[in-house]
Amino acid sequence: DLKGFVKKLWGWCWQVVLRNDDQKGFKVLPWRWVVERTFAWMLHARRLNKDYEKNRMNSQSMVYIAMISVMLKRC
């Protein structure tokens, strides 16, 4: 299963956050905004907007470069 795979590979705890069925309207789910904000920061890099890379390692390197630039701007 995915939860066991993530735990074995990275040591992370995978948690799915669901909203209540009786809830109507918009409510911010815990920690979801952190993930969405990070994806938004990464998509500012033009090479990550579309899947230009044919090699998985090149794509991973572009993610690292995009996040390095984000971290440097925050210093």
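To the nearest 0.05, how large is the calculated FRET efficiency for Met71 and Asp22 if R₀ is 30 Å and r is the Cβ-Cβ distance?
On the way: r = 41 Å, r/R0 = 1.36.
Computed FRET efficiency for Met71 and Asp22: 0.15.
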As straight-line cross-link partners of Lys27, the qualifying lysines (C-alpha separation under 16 Å, not fewer than 8 residues apart within one chain) are none
P(r) of the chain in 5 Å steps, Cα pairs, percent per bin? 3, 12, 15, 15, 19, 20, 9, 5, 2
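Could you work out what % of the accessible surface of the chain is carbon and sulfur, using a 1.4 angstrom probe and leaving DNA, RNA and ligands out of the count? Walk me through the numbers before you get to the answer.
Working: 4470 of 7460 Å².
After summing per-atom areas, the C and S share lands at 60 percent.
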The aspartates and glutamates whose Cα lies under 19 Å from the Cα of Lys50, excluding any fewer than 8 residues away in the same chain, are Glu36
Using a Förster distance of 25 Å, the FRET efficiency for Lys3-Ser59 (Cβ separation, nearest 0.05): 0.55
So which chymotrypsin sites (Phe, Trp or Tyr not before Pro) in segment 22-61 are both in a DSSP loop and have at most 15 other Cβ atoms within 10 Å of their Cβ? Phe26, Trp31, Tyr52
Tell me, what is the per residue accessible area of the chain in Å², probe radius 1.4 Å? 100
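The values are calculated or read from the model by the stated rules, or taken from the named source; none is laboratory data. Given the structure is predicted, the values throughout are model-derived calculations rather than measurements. Heads up, the Cβs are rebuilt from the backbone with ideal geometry, glycines too, and the neighbour counts pull from every protein chain shown. Remember, those area values only see protein heavy atoms, side chains included, never the ligands or the DNA or RNA. Shrake-Rupley method; radii C 1.70, N 1.55, O 1.52, S 1.80 Å.
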